[in-house]
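Taken together, the values in this text are just the output of simple stated rules run on the coordinates, not laboratory data. Predicted, not measured: the structure shown is a model, and the values here were computed from it. Note that each Cβ is placed from the backbone with ideal geometry, even for glycine, and that neighbours are counted across all protein chains shown.
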Amino acid sequence: MKKVACADITKYGVPPKHFNVVSGRFQGQAETGLTKFWMGMSHYLPGGGVEFSGADSAEEKVYFVLEGELTVKSETEEFVLGPWDSLYIGPHEARSIINNTSRPATMLVLVNT
């Protein structure tokens, strides 16, 4: 077992195409030696999000909204996720994310490696 305290998370800069988002990784290869997935958390300020992207990503992802509300759009669908809602994103599945509310939103992110 290996604990990672919130004060010790691996903070990383805003990934490309992200805006008004702060992200950190709690579990992963560097933090705990995980080899099959990593887990992070992203905080979206009002109006923050991710531009349409992801078609080049071979990883599977699961988004789990802890608080607030986020809208995730694919080329053909739109999902509004609230607290405790989750969404599976398949390999090479492009999407955008936007916080259309006046309150911050927090999302847990799981990504296979």
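What's the total number of residues in the stretch 50-98 that are more than 18 Å from N20 (Cβ to Cβ) and not in a strand (DSSP E or B)? So that I can check it myself, show each step before the final result.
Initial filter on the stretch 50-98 (more than 18 Å from N20 (Cβ to Cβ)): 54-62, 64, 74-80, 82-94.
Subsequent filtering for residues that are not in a strand (DSSP E or B) retains 54-60, 74-77, 82-85, 90-94.
The number of residues fulfilling the criteria is 20.
Take the stretch 3-49 and flag every residue that is assigned to a strand (DSSP E or B) and surrounded by fewer than 17 Cβ atoms within 10 Å (Cβ to Cβ).
Pass one, the stretch 3-49, residues assigned to a strand (DSSP E or B): 10-12, 18-27, 37-49.
Hits for the stretch 3-49 are T10, K11, Y12, F19, N20, G24, F37, L45, P46, G47.
Within the stretch 66-84, one or more residues are of a type in the set (A, V, I, L, M), within 18 Å of A105 (Cβ to Cβ) and over 13 Å from the mean Cα position of the chain (by Cα). Per the listing V21, V4, the residue uniquely out of contact with any Cys (no Cβ under 9 Å at 6 or more places or on another chain), within 26 Å of H92 (Cβ to Cβ) and of a type in the set (A, V, I, L, M) is V21.
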